[in-house]
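Q: This structure is in structure tokens; I'll ask about it shortly.
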């Protein structure tokens, strides 16, 4: 993982990578790294819900930071550099407790703080961090005012204004029916009211009719109030059922706890209205796994819900590696909040490394101020720091500046929606091409001088064929690491799926490819040589504003490849070598201008690496 690296590139090719790693099996050493703790280390505070009703959410963020700390400390240990320690504090997602924890952090030796989880907790903490002068980054709190009037607070996540406007524009462009109508269910908190208000205003500005609004009370952990909220949800769903014919699309502007209850009752009531929701709904599918209807029909409760979120099929290599370590350790995929949490840590650690070390005579107050100023200066693409969720840099209010994407639940998976708003122009959109590969054999492997191989593999694309009125051809690709030009011939299968998408299947064989990269996985401290064998390609003509290749989660699950790896002993025709793992992730590569006018603007191409 290349955590905390600068990107200073003029024009980029967005890459989607499928890597088949092979390793000498007899010498692989797995090392478990103990979480480092030393009084001489640099301390960074984390505050979030580590107990209470939201404990699982906070614990996943804590686990993500522990993985990052293990990685970073092992990397710098040999260089005898200062290591980092995260001090974990529990605010239980309760604002009053959050205020107390913020006071404790301000009086500690922490140089910065990551947190809080909820917006109302961050609002309380913000008062202390600004008054006491300590840098804070929230990975999840989205209330706009948290960073707007506080120069000490930053955010690696989208604020409510960005999210609500995006959801309203996406709904208008792709989801609304002829009635052009939306309705809103919102939680009576800062978070819910702001999301609902901005979504409503944006919709009205686009001449969309906002038909109904339902307010859902906020609750504490009090059992009687939870029962009261359950009854209120039932009342709202009952009213929605009566009005469903003219309610139109429904925005669910709540946190996940309330969202799970809402979705369950809405689906159990047989309500068919289109649902759209913020990032809080990104991992709700796991809460329905034990429901009888869900067991009988995977995706019964979540399929068809659109969610603004960071999505698994958009992973870059660092995100892929991190998720692989997390999944191996905790037996589940890391939630989206974990990625934004690690990005907060990456930013803090990067500015610590860039900033002159704190001398014995410098006060902690002065050092914290220098760190804040350094982070605020990361305000352009050229100064951006690469993280798990992409390039991180801030606007004048301390909010992250990066494109937002949207997913849709399908077969119990949240995948990239087939159409995405263009990151550079809301009036345009780009087509998502779900892409997969299955290797049959890799032969004629040259490990030393040539570093070449001859793979035999199936390659497929699934996509919406029409883009802004013209036909797209995602199969018109250039293989970047092919020794000689490779052209795809007639497809083995060319069919239209039941949901109207086009499916193309090809087979590539007898072609020589160069090795992609040398690969080191995050959890390996000692290892012998690994080689990444596979293929890389990009579209010849369409740039990233028109087309993006993503990993086909539905068509090629990681477990499928793990099973194939174990079964297929003949995949690698080389003694003492075996398949170690298969990688799917996006990357960026640079394309030269070469004086070509079309490359001056819009020269970012989606590229697939396998």
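The values are calculated or read from the model by the stated rules, or taken from the named source; none is laboratory data. Just so it is clear, the structure is predicted and the values come from calculations on it, not from any experiment. Reconstructed Cβ throughout: ideal geometry from the backbone, glycine too, with neighbour counts over all protein chains shown.
Q: Collect the residues in region 93-108 that are free of Cβ contacts under 8 Å to residues at least 60 places away in the same chain and in contact with a strand residue (DSSP E or B) (Cβ under 9 Å, 6 or more places away or on another chain), keeping them in residue-number order.
A: 93, 97, 98, 101, 102, 104, 106, listed by residue number.
Q: Check whether at least one residue in region 250-260 is surrounded by 24 or more Cβ atoms within 10 Å (Cβ to Cβ), closer than 21 Å to residue 420 by Cβ and either in contact with a helix residue (DSSP H, G or I) (Cβ under 6 Å, 6 or more places away or on another chain) or not assigned by TED's automatic domain parsing to the domain that holds residue 192 (or both), and report yes or no.
A: Among the residues of region 250-260, at least one is surrounded by 24 or more Cβ atoms within 10 Å (Cβ to Cβ), closer than 21 Å to residue 420 by Cβ and either in contact with a helix residue (DSSP H, G or I) (Cβ under 6 Å, 6 or more places away or on another chain) or not assigned by TED's automatic domain parsing to the domain that holds residue 192 (or both), which makes the answer yes.
Q: Taking residue 65 as the residue in question, decide whether it is surrounded by 20 or more Cβ atoms within 10 Å (Cβ to Cβ) and either assigned to a loop (DSSP other than H, G, I, E, B) or not assigned by TED's automatic domain parsing to the domain that holds residue 133 (or both).
A: Against the criterion (surrounded by 20 or more Cβ atoms within 10 Å (Cβ to Cβ) and either assigned to a loop (DSSP other than H, G, I, E, B) or not assigned by TED's automatic domain parsing to the domain that holds residue 133 (or both)), residue 65 does not qualify.
Q: Of the numbered conditions (1) part of a loop (DSSP other than H, G, I, E, B); (2) modelled with pLDDT of 90 or more; (3) farther than 15 Å from residue 482 by Cβ, residue 510 fails exactly one; give the number of that condition.
A: (3)
Q: Further question: Can you find a residue in region 77-94 that is on the phi > 0 side of the Ramachandran plot, assigned by TED's automatic domain parsing to the domain that holds residue 134 and crowded, with 16+ Cβ neighbours inside 10 Å?
A: Yes, that holds for at least one residue.
Q: Within region 455-497, how many residues turn out to be part of a loop (DSSP other than H, G, I, E, B) and under 24 Å from residue 513 (Cβ atoms)? Before you say what the answer is, go through the steps one by one.
A: Step one: of region 455-497, the residues part of a loop (DSSP other than H, G, I, E, B) are 464-465, 468-469, 472-476, 480-481, 483-492, 497.
In the following step, the residues that additionally are under 24 Å from residue 513 (Cβ atoms) were identified as 473-476, 480-481, 483-492.
Residues flagged as part of a loop (DSSP other than H, G, I, E, B) and under 24 Å from residue 513 (Cβ atoms) within region 455-497 amount to 16.
Q: Kindly state which strands (runs of 3 or more DSSP E) lie completely within region 360-438 and contain at least 3 residues that are closer than 30 Å to residue 470 by Cα.
A: 406-410, 413-416, 419-422
Q: I would also like to ask the following. Just to verify a result, which residue in region 323-334, among those that are in contact with a helix residue (DSSP H, G or I) (Cβ under 8 Å, 6 or more places away or on another chain) and surrounded by fewer than 24 Cβ atoms within 10 Å (Cβ to Cβ), is modelled with the lowest pLDDT? Explain how you work it out, then say what you get.
A: Taking region 323-334 and keeping what is in contact with a helix residue (DSSP H, G or I) (Cβ under 8 Å, 6 or more places away or on another chain), we get 323, 325-326, 329-330, 332-334.
With the extra rule that they be surrounded by fewer than 24 Cβ atoms within 10 Å (Cβ to Cβ), the set shrinks to 323, 325-326, 329-330, 332-333.
Details: 323: 90, 325: 92, 326: 95, 329: 94, 330: 94, 332: 89, 333: 86.
Here the residue is 333.
Q: In region 293-315, how many are touching a strand residue (DSSP E or B) at 6+ places or on another chain (Cβ under 7 Å) and surrounded by fewer than 22 Cβ atoms within 10 Å (Cβ to Cβ)?
A: 3
Q: Right, here's the next one. Looking at (1) touching a helix residue (DSSP H, G or I) at 6+ places or on another chain (Cβ under 8 Å); (2) touching a residue at least 40 places away in the same chain (Cβ under 8 Å); (3) surrounded by 18 or more Cβ atoms within 10 Å (Cβ to Cβ); (4) closer than 26 Å to residue 167 by Cα, which is the one condition that is false for residue 385?
A: (4)
Q: What are the residues in region 192-222 that are in contact with a helix residue (DSSP H, G or I) (Cβ under 7 Å, 6 or more places away or on another chain) and part of a loop (DSSP other than H, G, I, E, B), if any?
A: Matches in region 192-222: 206, 208, 217, 219.
Q: Scanning for something under 25 Å from residue 97 (Cα atoms) and surrounded by 16 or more Cβ atoms within 10 Å (Cβ to Cβ), does region 161-182 turn up at least one residue?
A: Checked region 161-182: no residue is under 25 Å from residue 97 (Cα atoms) and surrounded by 16 or more Cβ atoms within 10 Å (Cβ to Cβ).
Q: A further question follows. Answer yes or no as to whether residue 131 is assigned to a helix (DSSP H, G or I) and more than 30 Å from residue 258 (Cβ to Cβ). If you could, list the steps in order and put the result at the bottom.
A: Working: assigned to a helix (DSSP H, G or I): yes; more than 30 Å from residue 258 (Cβ to Cβ): yes.
Yes: the conditions hold for residue 131.
Q: Of the residues that make up region 98-120, is at least one modelled with pLDDT under 95, in contact with a helix residue (DSSP H, G or I) (Cβ under 9 Å, 6 or more places away or on another chain) and part of a helix (DSSP H, G or I)? I'd like the intermediate steps shown before the answer.
A: Step one: list which residues in region 98-120 are modelled with pLDDT under 95, which gives 118-120.
If we keep only those that are in contact with a helix residue (DSSP H, G or I) (Cβ under 9 Å, 6 or more places away or on another chain) as well, we get 118-120.
Going one step further and asking which of them are part of a helix (DSSP H, G or I), we end up with 119-120.
Yes, that holds for at least one residue.
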